[in-house]
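Here is the structure we will look at, set down as structure tokens.
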Amino acid sequence: MGIRVTSGVSMSIRIGIAGIAGRMGRLLAEEAVAAGATLVGGIDRPEAPVPPGVTRFTDIAALAEAADVVVDFTHASAVAGHAAAIGAAGIAWVLGTTGLSADDEAAVRVTAARCAVVQAANFSPGVNLVLVLAERMAAGLPATSYDVEIVETHHRQTVDAPSGTAIAMGRAVAKGRGARLEEVMESGRHGHTGARKPGAIGFAALRAGQVVGEHTLLFASADEHITLSHRAIDRRAFAAGAIRAALWVAGRPPALYSMMDVLGMGDEA
Ligand code: NAD
């Protein structure tokens, strides 16, 4: 079924989508139109078919020229180039792509000095609430008594592990404990690992079938277990959240915003 592109009321925010042929891109196009924005079109790899009725732009620079906000769900390898083009155009950017390297993250920060950027590993409102709760729980449950493990499951096409959301949960726990995630992360244990290190935050990733996204955060002491679980039933939750972020960020001053800021929970996590 084709996507009806709005004709563009003068005040309507112009949204362009990077990765418009992808699983997320197609939903983002539908959600942008449903939200009353003007969908100017999108970009994707030349061999990927864009949805019928949608304008395909030649590259990110051309898309950025035509849009107020680019919503980007592509691949980590595209992020540095997109950061440069968005920065040159001076427009807003909603970045959902995960699996970024430290260099990619640095490129995002450079762009955020010139443009309003919302970056989130997960745009669903429910996951962002879980992040707030995770930080609070970590602050109240001492690392000396409570081990933290994060288990996530995603569909078989997922290319990065642990998921961006799992890492965001780990960061929230580390923040609540006044620690740096990089110093306490234990991911993908295998073989003779030795006993669990005190204060470690463990990660395990399952890849199976067409699971949209499941995350469980476990706090375990010798006496009790507490779990926070989130299950995404439909990836439209991410798409609707990202379009909400696009409408929120258009016209804001340059900064690196989070989905917490969009949801009005920015000071809590
Ligand atoms: P997908 O593979 O279905 O779609 C990605 C699309 O991007 C594809 O159509 C691909 O052709 C296109 N693409 C790749 N490189 C490109 C480039 N250089 N220029 C233009 N287009 C390019 O994947 P997906 O499930 O839609 O996920 C996309 C990304 O979004 C992944 O990194 C995924 O982890 C992430 N994601 C984030 C959230 C969130 O809430 N932040 C939610 C779901 C997925």
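Overview of values
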{"read-out": "For the chain: relative contact order, % (alpha-carbon pairs under 8 angstrom, 6 or more apart)", "value": "20"}
{"read-out": "Neighbour count of at most 10 Cβ within 10 Å plus DSSP loop: longest GluC sites (Glu not before Pro)-free window in the chain", "value": "48-223"}
{"read-out": "Per DSSP, loop trypsin sites (Lys or Arg not before Pro) in the range 106-163 with at most 15 further Cβ within 10 Å", "value": "114, 156"}
{"read-out": "Residue 144-residue 190 FRET efficiency (beta carbon distance; Förster radius 30 Å; 0.05 resolution)", "value": "0.70"}
{"read-out": "Percent accessible area from carbon and sulfur atoms, the range 170-269, protein chains only, probe 1.4 Å", "value": "52"}
{"read-out": "Whole-number accessible area per residue in Å² for the range 125-232, which is evaluated in the context of all protein chains at 1.4 Å", "value": "52"}
{"read-out": "Rg over Rh [alpha-carbon atoms, Kirkwood Rh] for the range 33-92", "value": "0.94"}
{"read-out": "Residue-averaged 222 nm ellipticity for the chain, from DSSP H runs of 4+ at -39500 (n - 2.57), nearest 500", "value": "-10500 deg cm²/dmol"}
{"read-out": "With 10 Å bins from 0: P(r) over the chain, alpha-carbon pairs, percent", "value": "7, 29, 34, 20, 8, 2, 0"}
{"read-out": "DSSP-defined antiparallel bridges as percent of all bridges, the range 177-257, nearest 5", "value": "70"}
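The values are calculated or read from the model by the stated rules, or taken from the named source; none is laboratory data. For clarity, every value in this text was computed on a predicted model and none was experimentally measured. Backbone-built Cβ (ideal geometry, glycine too); neighbour counts: all protein chains shown. These accessible areas exclude ligands, DNA and RNA; they are computed on the full protein's heavy atoms, side chains included. Shrake-Rupley method; radii C 1.70, N 1.55, O 1.52, S 1.80 Å.
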